[in-house]
Amino acid sequence: MGTVSRRQVLLGGGALVGAGMIPAGGLMSTAFGEEIPRPDYMIRAATNENPWGPSRVALQAIVDSIKYTNQYGGDRRSLVSIVAGMNNLPDDHVAIGTGSGEILRAAGRLVRMDNGSVVCADPTYHDLVRYAERAGSEIIRVPVDPDTKHVDLDAMHKAIRRDTRCVYLANPNNPIPSIIDKYALRDFVVDVAKDRMVFVDEAYFEFVDNSKYATMMDLVRDGHQNIVVARTASKIHGLAGMRVGFGFAHPDLITRINGAKTGALNVLGINAAKASYLDEDFQEFTIRKNRESLDIVEGMLDERGVRYVKSNANFTFFETGRDVVELQQAFRQENIMVGRAFPPMTDWLRVSMAKPEEMRYFVQAYKKILG
């Protein structure tokens, strides 16, 4: 057997398979289909991260930027120009924050400053909603459709009150990896945004491969004044620990969002994001591997007749018939971190996609724990 180089280790399983060092089935499986041994580390399938880490060009940008860490800030303007140009927008339509979470929290702060309520789906992502609620705003939670688990736009429209200052939509949603039909969403956003802010969180939009989906970025481009679209470098770019995210909106609303922000970007995150957004090969690689992992897990769920929501993101969400808190502990015993409970759906489990070989081990653990 040949020697495994440091470069092959850094590149991950794909490079090792190509070098003939391991079976094509994956790092943790065997050549003859025996039981996959328990890994000696914890598989992170809980927080929707990119299991491959940052791209090589982003890592190099981080290394090259270390010498500037004695300096405050960084060249955020060039990063803004990159993402603005990619979305055919002027620079003044973009706010950059410490993750898209800061953009979400800034919007939540604006709602409170305007003494308004927030309408959102339930369950959904929490940053904007939680921040606004803690600040004193009333949150109007609209349950997802009980059968499909999709966001119910009609019910959300009916829930809007005169004091509602923001309607929050995650598309794809989280923890449910569903999407909202592009035509229905566009009509909803245009109508509702006449009188209040509509915040469309597109943290996972790069992973979507569905003809019924569309970004709402064109509405920002068309000059609508009350629409915010959020994106992040935390997911497909693997920069969750660097905290870089974006809000796209009319310049007047961007000015208000910038005024409500409280975070401070760092030079490592800025330069890593600049490099990563220009690295299309890594993004395509991540999408391909994510699909491979989803096929492994969703294929098992199909075989076993388990009810789940077809994923449009980098995680799955399925019914277990068991309390999720209990299942968290059971999977942890197998060295797998899985998602927390999302009330009121406390017997549905969110599982993030790790590497394909790790998801094969997850399937084995699932069969052991859930039968």
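Which of the aspartates and glutamates could a cross-linker span from K149 if the Cα-Cα distance has to be under 12 Å and same-chain partners fewer than 8 positions apart are dropped?
D122, E319
Residue-wise, which Karplus ³J(HN,Hα) couplings in Hz belong to the range 201-215, taking 6.51 cos²θ - 1.76 cosθ + 1.60, θ = phi - 60°, and x for glycine or proline?
Karplus values, whole Hz, x for Gly and Pro: 8, 10, 4, 10, 4, 5, 7, 6, 10, 8, 5, 8, 9, 8, 5.
Counting other beta carbons within 10 Å of each Cβ, put V325, V200, V167, V267 in order, fewest first. Write out the running numbers ahead of the final one.
Values: V325 10, V200 24, V167 27, V267 21.
Lowest to highest Cβ neighbour count: V325, V267, V200, V167.
Connecting C-alpha atoms closer than 10 Å in a GNM of the chain, tell me which of L301, L349, L185 has the biggest fluctuation.
It is L301.
Report the residue, chosen from M113, M216, M197, that carries the largest GNM mean-square fluctuation when the chain is represented by alpha-carbon nodes joined by springs under 10 Å.
Looking only at M113, M216, M197, the largest GNM fluctuation is found for M113.
Just want the ordering: T98, T286, T69, from fewest to most Cβ atoms lying within 10 Å of their own Cβ.
Working: T98 19, T286 22, T69 11.
With the fewest neighbours first, T98, T286, T69 line up as T69, T98, T286.
Starting from the Kirkwood radius over alpha-carbon pairs of the chain, derive D by Stokes-Einstein at 37 °C in a medium of 0.692 mPa s and give it in µm² s⁻¹.
Rounded to a whole number, D works out at 151 µm²/s.
If the limit is 31 Å between Cα atoms, which of K289/K368; K158/K235; K235/K367 go over it?
Numbers: K289/K368 25 Å; K158/K235 33 Å; K235/K367 28 Å.
Distance filter (> 31 Å) returns K158/K235.
Leaving out same-chain residues fewer than 8 places away, which aspartates and glutamates sit with a Cα under 13 Å from that of K67?
Counting by Cα, and skipping residues close in sequence, K67 has no aspartates and glutamates nearby.
Suppose a student asked you for the relative contact order of the range 131-207, using Cα pairs under 8 Å spaced at least 6 residues apart; what percent would you report? Intermediate results must be reported in sequence, preceding the final value.
Numbers: 70 pairs, mean separation 23.2, N = 77.
It comes to 30 percent, rounded to a whole number.
Please name which of T215, S178, Y131 has its Cα lying farthest along the dipole of the range 56-277 towards the positive end, using unit charges on Cβ (Lys, Arg +1; Asp, Glu -1) and the Cα centre as origin.
Highest projection toward the positive end goes to Y131.
Considering the chain as a Gaussian network with a 10 Å cut-off on Cα pairs, which listed residue, G85, G321, G305, attains the greatest mean-square fluctuation?
Among G85, G321, G305, the largest mean-square fluctuation in the Gaussian network model of the chain belongs to G305.
Let me spell out the model: positive unit charges on the Cβ of Lys and Arg, negative unit charges on the Cβ of Asp and Glu, origin at the Cα centre of the chain. What dipole size does that give, in debye rounded to 20? Don't skip to the answer; put the middle values down first.
On the way: 45 positive and 46 negative charges, 176 e Å.
Roughly 840 debye, rounded to the nearest 20.
Just how far, in whole angstrom, is the range 158-174 from the range 45-80 if you go by their alpha carbon centroids?
A separation of 33 Å, based on Cα centres.
If I stretch the segment between N258 and I369 completely, what's the gain in nm (0.36 nm per residue apart, minus their alpha carbon distance), one decimal?
Values: separation 111, 0.36 × 111 = 39.96 nm, distance 4.74 nm.
Result for the pair: 35.2 nm of gain on full extension.
Select from the range 263-330 those trypsin sites (Lys or Arg not before Pro) which occupy a DSSP coil region and have at most 16 other Cβ atoms within 10 Å, ordered by residue number.
Loop-located and lightly packed - R304, R307, K310, R322.
Search the structure for amide H atoms under 5 Å from the amide H of V309, placed 1.01 Å from N in the peptide plane, and list their residues when 5 or more places away or on another chain.
Under 5 Å from the amide H of V309: F317.
Out of the range 169-229, which trypsin sites (Lys or Arg not before Pro) are coil in DSSP terms and have no more than 14 other C-beta atoms within 10 Å?
Values: sites: K182, R186, K194, R196, K212, R221; in loops: K194, R196, K212.
Qualifying residues, ordered by number: K194, K212.
Which three extents, in angstrom, do the Cα atoms of the range 56-277 have along their principal axes, listed largest first?
Taking max minus min along each principal axis of the Cα atoms, the range 56-277 gives 54, 38, 30 Å.
Based on DSSP H runs of at least 4 residues, each adding -39500 (n - 2.57), what is the mean residue ellipticity at 222 nm of the chain after dividing by all its residues, to the nearest 500 deg cm²/dmol? It would help to have the intermediate numbers written out before the result.
Numbers: 14 runs with 149 residues, N = 371.
Per the formula, -12000 deg cm²/dmol.
Bear in mind that the values in this text are calculations on the coordinates, not laboratory data. What you see is a predicted model; the values in this text were computed from it and never measured. Neighbour counts are summed over all protein chains in view; Cβ atoms, including those assigned to glycine, are modelled from backbone coordinates with ideal geometry.
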